[in-house]
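What follows is one structure encoded as structure tokens, with my remarks underneath.
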Amino acid sequence: MNSGNEPTLTTGSYSDDFVRAIDVHTLLPQQEPFVMIGRLDHFDMTMVKTSTHVSPDNIFVEDGLMSASGIVENIAQTCAARIGFINKYILKKGISIGYIGAVRNFSITRLPRVGELLNTEVVIKEEIFGMVLASATVAVNDEIIAHTEIKIAIKE
């Protein structure tokens, strides 16, 4: 019996409360200390949103700032959380491994500081034969600090 919060194939809707309650570690192939997202905030088949606080012990933080590489990894793991959600809750299978195939038009206006909350949004532009092309933005509050296009290859 569906409580109304659980995902269903027929409705295609997933409440944000249901999504936020998921432990992201169950969706990702990465484990600590390499997890770069804190929470899945929204899921649908064409868009996913995550959030994470920049912590001082993050492996991509130096001198109080997260590096550009950390931002790219945050975006890639947001994509991975989407794939993990599809696998676990829709296809009922295990986690898939994905690889960054390309990062294009990466633009960053500033590096995020320790303590700031990153809000990452990935919009799927195309998905075919195990390849996902997406656009991504990373914001702190309402300030967009980075955007890019990313291509992810999924190993089945």
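Observations on the structure shown:
- Total residues in the stretch 62-102 satisfying the condition of being surrounded by fewer than 23 Cβ atoms within 10 Å (Cβ to Cβ), in contact with a helix residue (DSSP H, G or I) (Cβ under 7 Å, 6 or more places away or on another chain) and hydrophobic (A, V, I, L, M, F, W, C): the figure is 2.
- If the condition is being over 17 Å from Thr120 (Cα atoms) and touching a strand residue (DSSP E or B) at 6+ places or on another chain (Cβ under 7 Å), then the stretch 26-57 contributes only Pro29.
- Filter pass, Ile124 being surrounded by 15 or more Cβ atoms within 10 Å (Cβ to Cβ), closer than 29 Å to Ser15 by Cβ and out of contact with any strand residue (DSSP E or B) (no Cβ under 9 Å at 6 or more places or on another chain): no
- Search result, residues across the stretch 98-142 that are in a strand (DSSP E or B), small (Gly, Ala, Ser) and over 22 Å from His53 (Cα atoms): Gly98, Gly101, Ala102, Ala134
- Scanning the stretch 35-58 for residues that are farther than 16 Å from Ser69 by Cβ and in contact with a Leu (Cβ under 8 Å, 6 or more places away or on another chain), we see that the one that is surrounded by the fewest Cβ atoms within 10 Å (Cβ to Cβ) is His53.
No value in this document is a laboratory result; all are computed from the given coordinates. None of the values given here were measured: they were computed from a predicted structure. As a convention, Cβ positions derive from the backbone with ideal geometry for all residues, glycine included, and neighbour counts pool all protein chains shown.
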